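In what follows, a single structure is set out as C-alpha cells and then discussed.
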Amino acid sequence: MPELPEVERATRLLRTALEGRRIVDARTLHPSAARALPPQAARSLEGRTVVRIERRAKYQLLHLDDARTIEVHFKMTGDWAIGPSTLPPPALERVRFVTHEGTRISLVDGRAFAVVRVHEPGAMFLPPLGLEPLDAAWSADALKAALARKTGPIKPALLDQRVVAGLGNIYSAEALWEAAIHPRARANRLSMARVQRLADAARLVLERAPAARYYGQRTVDDGHTYALGDGSDETWHVYDREGEPCERCGAPVRRMEQAGRSTYYCGRCQRV
Ligand SMILES: [Zn+2]
C-alpha cells in the first residue's frame, strides 16, 4: 500500500503533468472505477482545466476551473502512469485523462480498489483529519492535545486520522520503536517528555522514508513514467521483523494483533 511519502511523490509527479492543463479526454475503463466515476461524470471533465493539485493525508485533490474537485485515493495498488498519448496504453489502466498537450495520465491499479470521484463545488467529502507529522504546525503540544481523549493504547490511537493524518500502520510502529514507547501504553497518560519523543519520531520516520518503495506492480519498461513501484525496498527497525533481534537491545522483535492490525515492537526497550 502506498504510504504518505509515496503519495506525496505521486502528487508532485501529477502536478508536473496536469496542473494548469486542460483535460480533452476523460474516461473510465473498468467497472470498479466506474462505481466512483461513472462514464457521464468522466465526460463532464472534458474541457475543464486543472488549476491546482494538492495532497491531504493520502488524498490527492485536483481542483478544477469550474470549482469542482476530483478526489483520488490510491488505496492498495493505485499509481499514475504518465506518457504521450501516442504510446500504447499502460497495463491495468482504470481511468484515463488526456491533456490538451497530448499527455496521457492513467490511473493504473492491479487490485482496482483505487477511487477517482468528482465532487461538486463546496462539497465536504474528506473525513476529519488531524495534523500530519510533516506539517509545519506539527508539535508535541498538538499531539498531546490530540491524544487527550484517547483512553486506549497508543498504537491504534496513532492510526486514528483525527489524531494524526496519514502516518499509517508501518510508520506508527516505527515511530513507537524510535520513541521507545510500547504500543499498549495508554495514549492519554503519556508524559510530555514521551509525547515529545513520539512527535519527533513520527516526523523522523516520514522524512527518512524512501519516496518510492517497491511494491511489485510493474515488471516491464513500457515508456511511461510511474510515480511508484520501482523504488528501493525499505528496511524497518521492527515492522515485519518478528523474531529478529531489536537493533537497540538485541531482544527479539515481537508481533501482536491490535485493533485488527499487526503491530511489531520490542518488548524489552519499548516501555508501557
Ligand atoms: Zn529493544
- Calculate the spin-label point distance for ASP66 paired with MET1, positioning each point 7 Å from the Cα along the beta-carbon direction, and give it in nanometres. 3.4
- Please name which of ALA57, THR28, LEU13 has its Cα lying farthest along the dipole of segment 1-149 towards the positive end, using unit charges on Cβ (Lys, Arg +1; Asp, Glu -1) and the Cα centre as origin. THR28
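What shape does segment 140-266 take by its C-alpha gyration tensor, where a ≥ b ≥ c are the square roots of the eigenvalues and a/c under 1.5 counts as rounded, a/b above b/c as prolate, and the rest as oblate? Numbers along the way, then the final one.
Working: a/c = 2.20, a/b = 1.59, b/c = 1.38.
It is prolate, given that a/c is not under 1.5 and a/b is the larger ratio.
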- Message: Using 0.36 nm times the number of residues separating PHE125 and MET256, minus their current alpha carbon distance, what extension gain do you get?
- Response: 43.8 nm
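How large is the convex hull of the Cα atoms of segment 81-180 per residue, expressed in Å³ as a whole number?
Details: hull volume 18.1 nm³, N = 100.
Cα convex hull per residue, to the nearest whole number: 181 Å³.
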- Item | Simple spin-label estimate for ALA193 and ASP222 in nanometres, 7 Å along Cα-Cβ | 5.5
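Order of 3-12, 244-253 by packing, highest average Cβ count within 10 Å first?
On the way: 3-12: 21.4, 244-253: 14.4.
Output ranking for 3-12, 244-253: 3-12, 244-253.
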- Message: As I understand it, the value is the acute angle between the Cα axis of helix 168-178 and the longest principal axis of the Cα atoms of the chain; what does it come to in degrees, rounded to 10?
- Response: 30
- Query: Which residues' amide hydrogens lie under 5 Å from the amide hydrogen of MET76, considering only partners 5 or more residues apart or on another chain, with H built in the peptide plane?
  - Reply: PHE113, ALA114
- Item | Per-pair calculated FRET efficiency, R0 = 25 Å: ALA91 and GLU19 via Cβ, rounded to 0.05 | 0.45
- Task: Starting from the amide H of VAL163, placed 1.01 Å from N in the peptide plane, find each other amide H under 5 Å away whose residue is 5 or more places distant or on another chain.
- Result: GLY130
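Neighbour counts of other C-beta atoms within 10 Å: give me HIS100, HIS30 arranged from fewest to most. Could you put the intermediate results ahead of the total?
On the way: HIS100 12, HIS30 16.
Ascending Cβ contact count within 10 Å gives the list HIS100, HIS30.
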- Query: Once a ≥ b ≥ c are taken as the square roots of the eigenvalues of the Cα gyration tensor of the chain, is the result rounded (a/c under 1.5), prolate (a/b larger than b/c) or oblate (a/b not larger than b/c)?
  - Reply: prolate
- Query: When you take every Cα atom in segment 4-119, what is the radius of gyration, and what is Dmax, the widest Cα pair distance, in Å?
  - Reply: 12.5, 33
- Item | Taking PHE74, PHE125, PHE113, PHE97 and counting other C-beta atoms within 10 Å, the order from fewest to most | PHE125, PHE113, PHE74, PHE97
- Specify the angular offset, from 0 to 90 degrees and rounded to the nearest 10, of the alpha carbon long axis of helix 4-18 from the longest principal axis of the alpha carbons in the chain. 20
- Message: Suppose each label sits 7 Å from its Cα in the direction of the beta carbon; what would the LEU159-ASP135 distance come out to in nanometres?
- Response: 2.2
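Just so you know, all these numbers are worked out from the coordinates, no wet-lab data involved. This structure is a prediction, so every number in the text was calculated from the model and none was measured. Glycine also receives a Cβ, built like all others from the backbone with ideal geometry; neighbour counts cover every protein chain displayed.
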